[in-house]
């Protein structure tokens, strides 16, 4: 059995040279097809290795072997799924793939174990490194930045929430990497005006800059405004910046296209006017949650951006119908508008808006409570290219409104109907949209299996389905979904209490399922979980909170098959020490686990299970009572490995 | 000497006793400060108390009463003790003759006064006669005083010596109360001699004034000072004459020795240095009377504000220095302190080294102290080695120079953290054995761990964490992983079906 395919592959290789195989491979786009390709034979595997440019590693233990195979051609390496990566692992991997000469991009996001030694080794091993993502590595500080600065060719650098980074580290990067084009330093709270000043002086090529939530003042904007190539500036939540700072952007010396000043409390219309005046080609303007009311002058100034502006986000404003009319008149090319949580948005206003902006593809009307079906009719009538429509909490909208949307907007990909009073009829209308990928029906308790059958009949591309608290949904509905929407990735079935193991058995054929939430589905037992574990081996997130019937058998199955499971909520399950130990010990990717009120697990069980996890955990939720019962050494070990433990103090409440 | 000091009180008490008999009669309630009564009044007061009861305020009051004291002194001179004092260089015989002459004179005055008392009732009618008598007494007393003072003048150095020698005795617990009381009297006397003599001399024969003077000084000790004030004004005028013409400044060049002397206040006349300005002012008195006035002795700040000082600038003695007056572009130094600091900083060895950083050297100890305040706080370091006390200064420097970057000092904290981590992992790696699990998955991975170690050795810096790395690979493998061969395990491959795993194993 083993030898036969070997020979046949040899014969294939005899006819197809590696060049030809590569030519063929280039035409295989889908990742699943490529996977099949790899499994054909050694020759195909080799050919694939020669053409492989990007690699996302899901399990750390495989990293060394993979790099040894792919190092020669690899350009992009994603290690963000390996949070337990540390300096040694990284250095060992880099040493094994000694020829990472082509590596241009590496994603180390959330790899909080990586320190300056690892980064120094990386910068040394990969001379052509251009992009590094270190976001959410909370331990990264100046020393790590200094190590990175050795990579002089760096163009993209993301350092979001690197809490240890100060002006000194930023200066290191600014001096070491003068070619920097994209830089994200969001949430790096230690950075001040001085650092930004030096950055602006040293890195004149910056195109994209994210300085959100920094404690910088207007002075920073003075220097930022001198960046001639700057196109994208994000400064969300910079509360020290006001209109005076924005006036520095008035000179138009940079080529800004995207400006995000949302949540900047001290910014008003006049500051935004100076931004608009300075930048004729502004495309994307996000001013959400800045100030309560739109000034007429600001609205009329939007006329300057008549041709360029495509995205406008006005979340949280008081937007009256006349304002929307002016926007509709002035911004003809608008593609996306955000009116989330805007007060006084009426049918009339939306009609005026869409009458002007016929190119709108994304409309966010979350919590615009006054809207009725008329607005949807207007949207359906004008915006034929609509792809995304957010209607959460628009309670006056009924099924008939969606009739128009379903008929007119055939390109609709995403719709959020959470907390709307929808019934199965609406599902019937929506099922006309064959491109639908995201459907959120949370709290639509009138949607039942019939509706799901409609959806499953036509929406083959559905990826995300949210059925939170849709009590009417039963196993039959899931059966329909499982047969119709094979590509579902995220499925939320929380509190759909009529679902049983049978439903889960249907779902087990969804190979792409990554995220499954079964919170409060109390009929589900280990049988169902075993079926899921067996079928959905890509499962990364699983919520089993309040699934009281799930016991060790389910956990054993999960431990055996769902090797990629990263987040698990097992609170209130009837699991024992043995199952828990097995799960935590065998799942190499598990990072985030919630273990509240596991009544069958004694303290020793927790102790041994957590020790078995070997310090891979990054987040842990436990009862406060365990804090003093667990051995201090264990807690110390977990925390030393970067695990954050959340101690909760909740009474045992068996009814969800 | 000391025994002699003790005598005066006894003598004075004797004298007061001798006069006591007259005093009750002499005293007139309406004329308490009448010239003739002053001595008697004092004696009467004094008689009323014992010496021991004297309180300090009274001592100061008594200090001015040198009239009776002079008497005591004249009396004490009858006793033979002074001869044996080696310090005194006066002629005792001459003194004795003087004193005996004075005694005669005093007796004469006593007689006159007695006669006045006895004819008191008559004098009430004949006021002219009384006035004549009084004048006679005044003239006699004036003469006595002058004689007494001139005699006592020869004793002056002796008094100073006596003060020095007896001063320590004052603080002694067992010291005599009398002595304690007497000494201030003599101190005051000594300080007042100069002025008194001057006054008397200047006043010449004007008897009224003289009486007034002696009277004043006899009653109130503070009186002589206004008289001195009169003198100071004259002195000030005299000093003005020394001032330089305004407009041009005077260049003064101190010698190296002076500059390096451990002082900061220099005498402008002789160049002597002092640590304190007050000491300098005391020293200045020696350069002439004009420096003795209280104004000259007072702090100079007031004076400076009133009178414009002449421009005086200083030159550095180092030839060739820009601060030297020979230099083409001579830039004078403003003060002597500037000269000192300039010379030390520019032309002397830097002998003070900072004990903390051991690199910075200074020639002035104050500079070192200033540096020490900030030493170690210069945490802002550039890659070129320059240190800054402020971050913005460093960043300005970095912005200015190509290739410079802020330096991050190697902090030991991180090393500690990693070692802690290693220890923790050590503890955790010991755990599986305790738990009794069988981690069979280690077998396939063991082959790789030497590789890791090899890498670690190559990189050097990773070696302390080798344990940690092993842990990641070897810990907590459950039986399931036994049939996983890491070499060919693709994380993105489906791991579920047995057939694919077998194929992987074959690869």
* Asked: What relative contact order, as a whole-number percentage, does the stretch A:509-655 give when Cα pairs under 8 Å and 6 or more residues apart are counted?
  -> 18
* What FRET efficiency comes out for the pair residue A:471/residue A:396, r = Cβ-Cβ distance, R0 = 35 Å, nearest 0.05? -> 0.95
* **Rg and Dmax [Cα atoms of the stretch A:56-143; Å; Rg one decimal, Dmax integer]** => 11.5, 34
* Asked: When the helices in chain A are scored as -39500 (n - 2.57) per DSSP H run of 4 or longer and the sum is shared across all residues, what 222 nm value do you end up with, to the nearest 500 deg cm²/dmol?
  -> -10500 deg cm²/dmol
* **Rg and Dmax of chain A, Cα atoms only, in Å** => 27.1, 78
* Rounded Å value of the spacing that divides the Cα centres of the stretch A:612-656 and the stretch A:111-184 -> 32
* Treat each spin label as a single point 7 Å out from the Cα along the C-beta direction, and report the residue A:646 to residue B:402 distance in nm. => 5.2
* How many nm is it between the label spots at residue B:311 and residue A:138, if each spot is 7 Å from the Cα in line with the beta carbon? -> 6.9
* Peptide A:58-67, shielding by other chains (average Cβ, 10 Å cutoff) -> 6
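Would you kindly state how much longer the chain becomes between residue A:73 and residue A:486 on full extension, computed as 0.36 nm times their sequence separation minus their alpha carbon distance, in nm to one decimal?
Numbers: separation 413, 0.36 × 413 = 148.68 nm, distance 3.32 nm.
Value of the extension gain: 145.4 nm.
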* Asked: Shielding of A:85-96 by partners, i.e. mean partner chain Cβ atoms within 10 Å per residue?
  -> 6
* Pairwise Cα inverse-distance average, inverted: Kirkwood Rh of the stretch A:395-499 (Å) -> 13.0
* Asked: Could you give the length gained on full extension between residue A:33 and residue A:631, defined as 0.36 nm per residue of separation minus the Cα-Cα distance, in nm?
  -> 210.4 nm
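Once you have a ≥ b ≥ c as the square roots of the Cα gyration tensor eigenvalues for the stretch B:361-407, tell me rounded if a/c is under 1.5, and otherwise prolate or oblate according to whether a/b is larger than b/c. Could the numbers behind the result be given before it?
Values: a/c = 3.01, a/b = 2.47, b/c = 1.22.
Prolate is the answer for the stretch B:361-407, as a/c is 1.5 or above and a/b outweighs b/c.
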* Between Rg and the Kirkwood Rh of the stretch A:509-655, both from Cα atoms, what is the Rg to Rh ratio? -> 0.95
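Relative contact order for chain A using alpha-carbon pairs under 8 Å, separation at least 6, rounded to a whole percent? Before the final figure, lay out each step's value.
On the way: 1775 pairs, mean separation 29.4, N = 656.
Relative contact order of chain A: 4 percent.
Can you tell me which of B:383-392, A:353-362, A:68-77, B:334-343 comes out highest on packing, and rank the rest after it, using the mean Cβ neighbours within 10 Å? Show your work: numbers first, answer last.
Values: B:383-392: 14.4, A:353-362: 21.0, A:68-77: 19.2, B:334-343: 17.5.
The packing order, highest mean first, is A:353-362, A:68-77, B:334-343, B:383-392.
Efficiency by 1/(1 + (r/R0)^6): what FRET value for residue A:384 and residue A:303, r their Cβ-Cβ distance, R0 = 30 Å, to the nearest 0.05? Don't skip to the answer; put the middle values down first.
Details: r = 25 Å, r/R0 = 0.84.
Computed FRET efficiency for residue A:384 and residue A:303: 0.75.
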* To do: Using a/c under 1.5 as the rounded threshold, could you call the stretch B:311-350 rounded, prolate or oblate? The axes a ≥ b ≥ c are square roots of the C-alpha gyration tensor eigenvalues, and prolate needs a/b larger than b/c, oblate otherwise.
  => oblate
* To do: List the equivalent ellipsoid semi-axes of the stretch A:138-218 in whole Å, largest first, each obtained as the square root of 5λ for an eigenvalue λ of the Cα gyration tensor.
  => 16, 14, 11
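Relative contact order (percent) for the stretch B:361-407, with alpha-carbon contacts under 8 angstrom and 6 or more residues of separation?
Working: 43 pairs, mean separation 14.1, N = 47.
In percent, rounded to a whole number, it is 30.
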* Asked: How much FRET efficiency would the formula 1/(1 + (r/R0)^6) give for residue A:50 and residue A:509, where r is the Cβ-Cβ distance and R0 is 45 Å, rounded to 0.05?
  -> 0.85
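Quick one: order B:372, B:255, A:130 by neighbouring beta-carbon count within 10 Å, fewest to most.
Values: B:372 16, B:255 10, A:130 21.
With the fewest neighbours first, B:372, B:255, A:130 line up as B:255, B:372, A:130.
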* Asked: Under the definition of partner shielding as Cβ atoms of other protein chains within 10 Å of a residue Cβ, what is the mean value for peptide A:186-198?
  -> 2
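Each value in this text was obtained by applying a stated rule to the coordinates, not by laboratory testing. In this text the structure is predicted, and so the values were computed from the model without any measurement. Cβ: placed from backbone, ideal geometry, glycine included. Neighbour counts: every protein chain shown.
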